[in-house]
Structure formats: C-alpha cells, structure tokens
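Down below is the structure, laid out as structure tokens.
Any read-out appearing in this document is the output of simple, stated calculations on the displayed coordinates, not a laboratory observation. Model, not experiment: these values are computed from the prediction. Methodologically, a virtual Cβ is constructed for each residue, glycine included, from the backbone with ideal geometry; neighbour enumeration extends over all protein chains shown.
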Amino acid sequence: MSDASFRLESHETEAKHVSVDLPSIVGHNLRRLRVRQGYSLERLAKQSGVSRAMLGQIETGKSVPTIGTLWKVATALGVPFARLIATETPHHPQVLRRTDAKLLTSNQGQFTSRALFPFDGERQVEFYELRLAPLHREDADPHAAGTRENLVVAKGAVEITAGAERPVVLSAGDAILFDADVPHSYRNLGAEEAVLFLVMTYVESIG
C-alpha cells in the first residue's frame, strides 16, 4: 500500500517514510472520526486495544503510530483504513442544486430530509432541510452520544419532543436547540406542509 506522501511497509513496521505533516493529518482524522461517532478516548481504547495514552499522543500529533495500531483503530471505529490517513480536499465553492438533490424519505413521503452539504467525507456539523406533511408526526431514534440538533421553523407550526422533556410548539421563525441522543419527534400541527432547517452537531461524549 502506497501514498504520494508516505509508504506503509507492513502491519507491524513503523511508518518511517512520512512527510512532516503525517502526524497532524492522522491526529486530526482520528479525533474527528472519534468525536463524530461519540467515542471517548477510554471507550475507543477498550474497543481497539490501543492504550488511552497512545491514542491521546496520536490525536495531538506527538506520535506516529505503527500500521498495526492504525488498523486496530480503524477496525474499532468501523471506517476504512484510508479514512485515517486521508488529506482534506481543497476548499472551493460547491453549488448544491435543488434539482440534483437526493431526498431521504420515510412514511410514504410524509417526511423528507434533504442534505444541504456535500457527501465528501466525515464532518462534525451537518445541515438539512426537513419537510413534514400536514398533521404528520415523525419519530426519530437517538443519535450518537453528545449529538445536538438546532432547528428553525421556516413554515408552519411544529411540535418538538425530546426525551422526557415537555413538548415545545414552534411557529415560523422560532428555533430550538436540544440534545438528540434521546428519542425525539417532530409533529406538524397544521393543515399545510411544514418546512424546517436543521443543523446537527456531533460532539464528544463525556466519560
């Protein structure tokens, strides 16, 4: 297995053919993937068999791990090995045409979700347009630990329920921020389609 920046010799050989940026690249990717999935360092250490101290050194760019270590971490996170060593694509404007959008739907089209971001890699923040059919209620399962949802209603009146909290009714222009690592729901209270915009943030769980 080779790369323009470095070459990986074997599963147990130190990655010596590296650029000076490799430790920071691997560290950045590891932390991003771990936080995205709601893993604490302790939990990932138990899952991967790599010590918490070593994981911390890798994330801060203080250690270049062996290939065997990277494989263990990738397997524990359930991601392709290359995800840990990938460099970010250059930043440039990306236009997402409505006509090209792929909608995620449920309940025979009563609820639709349109991603307002490109699927070009892992990220900590995601942006969606949600549409609810008249009087429809959409129930959502808990997301990864530490996930938060920030919703704003663009059209209609919607009732939001998160976990054991009391339901909150929002009108057009109202917004709400809540923990989404519990069962939650959106209910359209009106006779017309409701439109919401959602920013979903994945943060590190404590412990």
Amide H contacts under 5 Å for Thr147, restricted to residues at least 5 apart in sequence or on another chain and with H modeled in the peptide plane, are Ala180, Asp181, Val203
Extend 7 Å from the Cα of Arg114 along its Cα-to-C-beta direction; within the range 163-195, residues with backbone N under 17 Å of that point are 193-195
In whole Hz, the Karplus estimates of ³J(HN,Hα) for the range 135-146 (6.51, -1.76, 1.60; θ = phi - 60°; x where Gly or Pro) are 6, 7, 10, 10, 9, 10, 6, x, 8, 4, 3, x
So, with points 7 Å from each Cα along the Cβ direction, the Val125-Gln47 label distance in nm works out to 2.4 nm
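For Cα pairs less than 8 Å apart in space and 6+ apart in sequence, what is the mean separation divided by the residue count of the range 160-207, i.e. the relative contact order in percent?
Answer for the range 160-207 is 37 percent.
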